[in-house]
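What follows is a short report on a single structure.
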Amino acid sequence: MKSKALAYIAIALVSAGVLSGISCADKTTVGISGSPKGYDLNKPVKYYMPDELLEISGIAFKDGKGDSVYAEQDEDGKVYYLKLGEKKVNYTTFGKKGDYEDIAICRNQVIVLRSDGVLFSFPFNQVRSREAAGVQKLNNLLPTGEYEGMYADEKTGLLYVLCKHCADDKTTKNSSGYILALQPNGTLKQSGAFNVDVTAIQKLTDKKKISFHPSALAKNNNTNEWYILSSVNKILVVADVNWKIKAVYPLNSSIYNQPEGVAFDAQHNLYISNEGGKLSEGNILKFNYTK
């Protein structure tokens, strides 16, 4: 009887271990580690930026062409353009100094987002001019708040803007987003809203409670998924086309100094821009897509 009891105890202990292993395995499948399918977030090709783009923020491509990248930085009202791998950078001035956070190119219009929610638009054919003509300053389209992430859909002409911190948001529960429709004359009109469920993000992390502050936004047209960066949280969030959270991936601080911009090219390669600092240069990380 004693031997049978010991055997039962052993079986119970083994079963507990197996169940514990299953529990741990389940935990890793929810996306708190690793990389999105097709990318390796720990093995980028790194392109260092010239001094003018130390504080690089948003990045964009024209028609998904990866040969030239368009960017802005936190302090100057300038749109920069350069070929990755080259130190020479050119720019066009579109406005005064300010806290500019993201850039989009859609239907031959350049759109720049300022942190207070004010938007600037001008024709793309002005990019290679020293000073852009036809610049429109678009006020009162977004609620009062702080904004950093923006994405423009070339097919629909819709602009998606995600709030980093808005008065109406409880940043531990949701982040508000707004949809604007680009008009033929370069202006924008309100066209809807969306929400990012922060509680769903929290469930996929090891933290008991997070305050989510998104810094960049892009759509992966290969999978119809949204990629949302949060520099403060050092995470990449992936959501489906309807904004349902699918996965959360931590970003290694040794690679991602201050991730402020995200974009895809037509070949589905992923790009993340990092603001530099006293000991580091600004950079753009390229993650080659693999099937």
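The values are calculated or read from the model by the stated rules, or taken from the named source; none is laboratory data. Not measured: the values here are computed from a predicted model. Here Cβ is always computed from backbone atoms with ideal geometry, including for glycine, and neighbour counts include all displayed protein chains.
For every residue, the table says whether it meets (1) in contact with a Phe, Trp or Tyr (Cβ under 8 Å, 6 or more places away or on another chain); (2) of a type in the set (D, E).
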residue: D197; (1), (2): yes, yes
residue: T205; (1), (2): no, no
residue: K208; (1), (2): no, no
residue: A218; (1), (2): yes, no
residue: I228; (1), (2): no, no
residue: V241; (1), (2): yes, no
residue: K246; (1), (2): no, no
residue: A263; (1), (2): yes, no
residue: L285; (1), (2): yes, no
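Mind checking whether some residue in region 272-282 is among the acidic types (D, E) and under 20 Å from T205 (Cβ atoms)?
The answer is no, given that none of the residues of region 272-282 is among the acidic types (D, E) and under 20 Å from T205 (Cβ atoms).
Which number in (1) farther than 27 Å from K234 by Cα; (2) modelled with pLDDT of 90 or more marks the one condition that S3 misses?
(2)
Which residue out of L119, L162 is within 30 Å of K208 (Cα to Cα), of a type outside the set (D, E, K, R), out of contact with any helix residue (DSSP H, G or I) (no Cβ under 7 Å at 6 or more places or on another chain) and modelled with pLDDT of 95 or more?
Residue meeting the stated conditions: L162.
Considering only residues that are outside any strand (DSSP E or B) and of a type in the set (V, I, T), which ones fall in region 220-278? Can you show your working first?
At the first step, the residues of region 220-278 found to be outside any strand (DSSP E or B) are 221-224, 231-234, 240-244, 251-258, 265-269, 275-276, 278.
T223, V232, V241, I255 - these are the residues of region 220-278 that are outside any strand (DSSP E or B) and of a type in the set (V, I, T).
Give the residue that is farthest from S230 (Cα to Cα), with candidates limited to residues of region 114-141 that are buried (at least 22 other Cβ atoms within 10 Å of the Cβ) and touching a Gly at 6+ places or on another chain (Cβ under 7 Å).
In this case the residue turns out to be F122.
From D169, D102, grab the single residue that is modelled with pLDDT under 95 and either closer than 18 Å to E260 by Cβ or touching a strand residue (DSSP E or B) at 6+ places or on another chain (Cβ under 7 Å) (or both). Break it down stepwise before answering.
Values: D102 fails: modelled with pLDDT under 95.
When all the criteria are applied, what remains is D169.
Which residue pairs have Cβ atoms closer than 6 Å, lie 6 or more positions apart in sequence or on different chains, and pair a first residue in region 63-86 that is over 26 Å from K97 (Cβ atoms) with a second residue that is polar (S, T, N, Q) and surrounded by fewer than 22 Cβ atoms within 10 Å (Cβ to Cβ)?
Close Cβ pairs satisfying both conditions: K83/S68.
Among K78, K65, which is the only one that is of a type in the set (K, R) and surrounded by fewer than 17 Cβ atoms within 10 Å (Cβ to Cβ)?
K65
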